[in-house]
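Please read the structure below before turning to the comments.
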Amino acid sequence: GKNLLEIDDNISQITFNPSEISTLPNLGENDVFSALRRLPGISGGQDAESGLRIRGGQTDQNLVMFDGISVYHVDHLFGFFSAFNSNVIKNVRVNKGGFDARFGGRTSGVVDITGIDGNKVNPSVQAELNMLSANVLLELPVVKDKASLVFGYRRAFTNIIQTSTYQNIFNNIFNSSLPNTPDNNTDIFQGTNVPDYFYSDLNAKFNFKPSQKDAISLSYYQGQDDLDI
């Protein structure tokens, strides 16, 4: 509906509201890229990649930015999920063509992600737990109505507890990576080389609004995938 998606007046430009992602079907995580792949002109990559193929282009032909900073490692779990925590995202603007020259000479599209500014009035804490990871979001007003601090951290517990959801996902990815074995049904968790894997991402943002016309922000992002097999 209108709360989820907004069609811009500019050609091929769409603004996406991540707060409504939880209403869509998902496998453990509320994933931004998974939701974007449901839009016209956008599809997923090959071999379970979470990258976006916009207007038939390749996944590496897009520019992906978080708060104006180019991000190149855009996925977790070998491409199954995107590396962006939907809880810390304010909106996602997708340009499927005809974008400004300031974005550079990208062949395909531009995905411009903006993080939330944080609550400047009341502190808030949000915690979530699903079949793959734990997620915490902290919003702190530093100066009332003027400055705020946002801290978001998501970490998978897949190296501690291997749920059936995680095992099914990992086995599907593992089997699809084996050459010339389309019917392979190896259960890697029943062998001697059980994978030790987890992913995490950290977001922090300081937002200061000295006046109604000015805003200053400092944004930090870090993503990690750790595998031992």
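Take the residues in region 204-224 that are in contact with an Asp or Glu (Cβ under 9 Å, 6 or more places away or on another chain) and open to solvent by less than 60 Å² (accessible area, probe 1.4 Å), then tell me which one is farthest from residue 158 (Cα to Cα).
If we take residues in region 204-224 being in contact with an Asp or Glu (Cβ under 9 Å, 6 or more places away or on another chain) and open to solvent by less than 60 Å² (accessible area, probe 1.4 Å), then 207 is farthest from residue 158 (Cα to Cα).
Evaluate the following for residue 154: is it under 30 Å from residue 175 (Cα atoms) and either modelled with pLDDT under 90 or within 14 Å of the chain's Cα centre (by Cα) (or both)?
Yes: the conditions hold for residue 154.
Any residue in region 124-153 that's without any contact (Cβ under 8 Å) to a residue 60 or more places away in the chain: show its pairings with residues that are open to solvent by 70 Å² or more (accessible area, probe 1.4 Å) and aromatic (Phe, Trp, Tyr) at Cβ separation under 6 Å, as long as the two are six or more apart or on different chains.
Between residues of region 124-153 that are without any contact (Cβ under 8 Å) to a residue 60 or more places away in the chain and residues that are open to solvent by 70 Å² or more (accessible area, probe 1.4 Å) and aromatic (Phe, Trp, Tyr), the close pairs are 136/153; 138/151; 149/206.
Specify the residue that is nearest to residue 89 (Cα to Cα); the eligible residues are those in region 184-229 that are of a type in the set (Lys, Arg) and touching a strand residue (DSSP E or B) at 6+ places or on another chain (Cβ under 8 Å).
Top of the filtered list is 205.
Can you spot a residue in region 70-89 that is in contact (Cβ under 8 Å) with a residue 40 or more places away in the chain and farther than 30 Å from residue 167 by Cβ?
Among the residues of region 70-89, not one is in contact (Cβ under 8 Å) with a residue 40 or more places away in the chain and farther than 30 Å from residue 167 by Cβ, which makes the answer no.
Output the strands (runs of 3 or more DSSP E) that fall wholly within region 10-87 and possess 2 or more residues being closer than 25 Å to residue 128 by Cβ, open to solvent by less than 50 Å² (accessible area, probe 1.4 Å) and modelled with pLDDT of 85 or more, or say none.
63-66
The values are calculated or read from the model by the stated rules, or taken from the named source; none is laboratory data. Predicted model, so just to flag it, every value in this text is computed and none were measured. Quick reminder, even Gly has a Cβ in these numbers, built from the backbone with ideal geometry, and neighbours come from all protein chains shown. Note: accessible area is taken over every heavy atom of the protein model, side chains too, but ligands, DNA and RNA are not part of it. Shrake-Rupley method; radii C 1.70, N 1.55, O 1.52, S 1.80 Å.
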